[in-house]
1. Taking other Cβ within 10 Å of each residue's Cβ, how do 31, 85 sort, fewest first?
2. Given a Förster distance of 30 Å, report the FRET efficiency between residue 113 and residue 89 from their Cβ-Cβ distance, rounded to the nearest 0.05.
Amino acid sequence: MAASESQKWAAVRRQRARCSGNQDEAVLMLVLLGMVTAVLAAMQTSAEALLTIYFFTSMFLSGCSNTCITSIQIVSPARMRGTVVATYMLLISVAGLGIGPPITASPSANFVDGRIGPALALVSIAIGAPTLGTQIWSRRGYRLRIAALTDQNGET
């Protein structure tokens, strides 16, 4: 009985993954919009405009992190799922908090005469473009993995 219930849950997870795989283009468009709004926000001179645009930036970019965590949980082995997601979150936090500020300060000090707005725009482009590219590249492997799981279990 337990095996059949776990198989049902696995089938539900695969079905959800297939459904989310069909929404890749929408998620990638939101990531692109997030990158564009991050550049626009950094170029604003008023605090109100900056915060308003950053609000939309955070909404657009949250889709990227959510799909990453969901994808990791689906393709990870059941015994390692929690550890893999925790490791991912640790690495993202360390990279964001440890590497992000020096990377942002470097263009500010060296290229744009100490102004932080243009430096943030440069960093948004320099980090956002490869991120979008790797997001597009990784989705292909994710789709192949879901197809392999579906074929392995004889589902349509």
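1. Working: 31 21, 85 16.
By the 10 Å Cβ count, ascending: 85, 31.
2. On the way: r = 36 Å, r/R0 = 1.21.
That gives a FRET efficiency of 0.25.
Computed from the coordinates by the stated procedures, all read-outs in this text should not be read as laboratory data. Quick caveat: nothing in here was measured; it's all calculated off a predicted structure. Backbone-built Cβ (ideal geometry, glycine too); neighbour counts: all protein chains shown.
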